[in-house]
Structures are given as structure tokens and as C-alpha cells.
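Trainee: Structure provided below as C-alpha cells; questions to follow.
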Amino acid sequence: MKRFTGLLALAATIVLFVSCDGGGGFLSASGTNNEMMVLMDNIAWEGTPGRALFDVLNSNVKALPQPEPNFTILQIEPENFSSTFKMARNIIIPDISPIYSYPKLTADIDKYAVGQVIMNINAPDTVSFVKFVTENRESIINYFVSKELERTGEWLKRDIAAPLSRAQQVFGINIHVPKGITNVTEHKDFYWATNNASRGRQDIVIYQFPYTTEKVFEKDSLIAIRNRVLGKYIKGSFDSQMTTATRVYSPDYRTMVMDGTFRAELRGLWEMSTDMMGGPFVMHAFVNDNTGMVVVVEVYVYAPEMNKRNLMRNLEATLYTISLPKPKEAIIEG
């Protein structure tokens, strides 16, 4: 297992990233995106409980074309958990002790710094700890990934003060798009923007259609709609068109409620039908109650021979900036 030993190097990094938050001088959490600090002594970390937790955190990110771990893991011993390390953005604190009757998870938000998430994993013994961590791996990963996306989305809204005006005018939604994604193609009810980068290309697509039935939010329906719309407007070489890759990886599907609005999420791999191009995508689909239209917002990247976890998650955070204006504030083209 990978264990971080250069504590002084990490301390210097954390100090570098510490900044004052606007709210009452409380410091902001530090560290890089998708970095996880585990507070555990070396014996436990190298033993069965540490191996189980490491395997969870080091599991592969879903829907990437090559294996990449969900988190970059840094482990320190409890005695080294000084005020500097308390500023880390993501912290897991395992505690195995007979004082507990059963395993459980608890979370502290902003305990030592703004934007910080601390997860406490308590268990009465090693066997129950390993079993609990393994059985709850999805919950642990999803919780921290969601918090990362929310934080990055909040940063994006501060960095880009004004929502995308065309999204307000055409689709009646607020969305904050990262800087540099400025090469735009538009058709009726369809908006496509890209940074056109030669390395690490990032794209955002927004389209809409009338809402007629809730079946539109089913997985197979969303895949079919995606293939039809993007296949029509996003073309490549050799008469190729964008489609959803399903032979090797079937897209992941889930539903959620964000800002009071139901959303369906599709996460998978895209490819060009007759061209050697592809990569990961994430789609969110929801009903705009102000317009009666289904709005689909999708982000995807094309980054051959590059790691894509951070590139994709930073772009996915755009989906966490979406909101629906109140009816009197909505701007509808016409």
C-alpha cells in the first residue's frame, strides 16, 4: 500500500494552499482536488483495516477509459495531526475500539476550515470495521466525490460571476461555464461549446425538447436521445458521428434531487462511430418547470494519453452550478 512519509513536504504544500475565507477570517480548507488524508497509525494502516480502507479509496473511477484511482491517498499517524494537517480538505479518521457497540459513519463539515469534510468511521473491532468499510464503499466514495463537485461548483460560481447568458436566453437556466470554453456552435434548441484544446479538450452540450412523459428519464431512453441528438450535430472525420459506447462499458444511471429539482444522471463513455476517438461523459437531464421543456446538460472530455479523473471532475462540477430562476426572473428567448 502507498503510505505518505514526506510529512514536511506535505506541510509545505498545505501552507501554500491555505487562504483566508471571506467569512469572519476562518481559513479555507487546503490541498488539491481528490486528495484524501487518512489519520491512522502505521501498524493499522499496513494491516487488515488499513488495507480494506485503502482498497476502497484506491478503487477505480467509474466510466473512464483507463484505470484511475478515485482519490490520491495520504496517510499520517495521529500523533502528527498538527494544526497544519487539520486544514486538509478531505479527512478520514478511523477509530476501532470496544467502546463502540456497532460500526457507524459520521461526518463533520467545516470543523477546522471552510470547505472541509471529515468522515469518522467507528467500529468495535477489526473484523466489523473491514466488513463495514467494504460493504459501504459506494457510500464512502459517493459522499466525498459529491462534496468535491459541490466545492468546485461553488468556486466556479465565484470565479465566473455571471451565468452563461445564452443558456438563460435559450434554455431558461443558470449555469456557470469554466473560462476558455468559448468556441460555440448553435442550432435550434442546441448549444455546444468547447475549448478546442489540443490536449485536454473539454466540451459542454445543452439541448432541450418538450416534456411529455416521465419515461424519457429512463436509462435506455436517455441513451437513445443522446445518440440521436449528438449524432446529428457532433460530427467527426470519415462521416463519423458521436454515439454512446455500450459494448465495453454500460453507462451508469442514477436519479437525484438537486436544488429541489429531480435529475437523471447518465455516466459513461462516448465514441465516434467510424473514427478512433472517445472519452468519458456525464449527462444531467431535468424538467424546467418554467418552460415545460426537458433540458439536458452534458459534459465530456477528449484527452488521449492523459489522466482524465481531475479533468473530468473539474468539468463535471459545472453541472452543480445549474439552477432554475424563479418564474419572474426567467429569461426566455422570444
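The values are calculated or read from the model by the stated rules, or taken from the named source; none is laboratory data. A quick note: this is a predicted structure, and the numbers were derived from the prediction, not measured. Ideal geometry is used to build each Cβ from the backbone, glycine not excepted, and the neighbour counts take in all protein chains shown.
Trainee: Condition first: basic (K, R) and either in a loop (DSSP other than H, G, I, E, B) or touching a strand residue (DSSP E or B) at 6+ places or on another chain (Cβ under 7 Å) (or both). Can you find one or more residues in the stretch 207-218 that meet it? Working first, answer last.
Mentor: Looking only at the stretch 207-218, we keep the residues that are basic (K, R), and these are 215.
Subsequent filtering for residues that are either in a loop (DSSP other than H, G, I, E, B) or touching a strand residue (DSSP E or B) at 6+ places or on another chain (Cβ under 7 Å) (or both) retains none.
For the stretch 207-218, residues basic (K, R) and either in a loop (DSSP other than H, G, I, E, B) or touching a strand residue (DSSP E or B) at 6+ places or on another chain (Cβ under 7 Å) (or both): absent.
Trainee: Here's another thing I want to ask about it. Can you give me the number of residues within the stretch 158-189 that are surrounded by fewer than 18 Cβ atoms within 10 Å (Cβ to Cβ) and either at negative phi or modelled with pLDDT under 95 (or both)? Break it down stepwise before answering.
Mentor: Kept after step one, since they are surrounded by fewer than 18 Cβ atoms within 10 Å (Cβ to Cβ), are these residues of the stretch 158-189: 158-162, 165-166, 169, 179-180, 182-189.
So of that shortlist, the ones also either at negative phi or modelled with pLDDT under 95 (or both) come out as 158-162, 165-166, 169, 179, 182-188.
Summing the residues that are surrounded by fewer than 18 Cβ atoms within 10 Å (Cβ to Cβ) and either at negative phi or modelled with pLDDT under 95 (or both) in the stretch 158-189 gives 16.
Trainee: Would you check if V296 is buried (at least 21 other Cβ atoms within 10 Å of the Cβ) and closer than 18 Å to I175 by Cα? Outline the logic, then answer.
Mentor: Numbers: buried (at least 21 other Cβ atoms within 10 Å of the Cβ): yes; closer than 18 Å to I175 by Cα: yes.
Against the criterion (buried (at least 21 other Cβ atoms within 10 Å of the Cβ) and closer than 18 Å to I175 by Cα), V296 qualifies.
Trainee: Filter the stretch 202-242 down to the residues that are surrounded by 13 or more Cβ atoms within 10 Å (Cβ to Cβ), over 22 Å from the mean Cα position of the chain (by Cα) and among the hydrophobic types (A, V, I, L, M, F, W, C) and list them by number.
Mentor: F209, V216, A224, I225, V229, L230, I234, M242
Matching residues to (1) in contact with an Asp or Glu (Cβ under 7 Å, 6 or more places away or on another chain); (2) outside any loop (DSSP other than H, G, I, E, B); (3) outside the structural domain of D259 (by TED's automatic domain parsing); (4) more than 16 Å from T321 (Cα to Cα):
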site	(1), (2), (3), (4)
K111	no, no, yes, yes
V127	no, yes, yes, yes
I140	no, yes, yes, yes
F144	no, yes, yes, yes
K147	no, yes, yes, no
G153	no, yes, yes, no
A167	no, yes, no, no
G180	no, no, no, yes
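Trainee: Is it the case that T126 is polar (S, T, N, Q), surrounded by 19 or more Cβ atoms within 10 Å (Cβ to Cβ) and out of contact with any Cys (no Cβ under 7 Å at 6 or more places or on another chain)?
Mentor: Values: polar (S, T, N, Q): yes; surrounded by 19 or more Cβ atoms within 10 Å (Cβ to Cβ): no; out of contact with any Cys (no Cβ under 7 Å at 6 or more places or on another chain): yes.
Here the answer is no, as T126 does not meet what is asked.
Trainee: Hey, P65 hits all of (1) assigned to a helix (DSSP H, G or I); (2) under 30 Å from Y302 (Cα atoms); (3) not hydrophobic (A, V, I, L, M, F, W, C) but one; which does it fall short on?
Mentor: For P65, the exception is condition (1).
Trainee: Right, here's the next one. On the basis of being of a type in the set (D, E), closer than 17 Å to G47 by Cβ and in the same structural domain as E46 (by TED's automatic domain parsing), does E68 make the cut? Step through it out loud before you land on a result.
Mentor: Values: of a type in the set (D, E): yes; closer than 17 Å to G47 by Cβ: no; in the same structural domain as E46 (by TED's automatic domain parsing): yes.
Criteria not met by E68.
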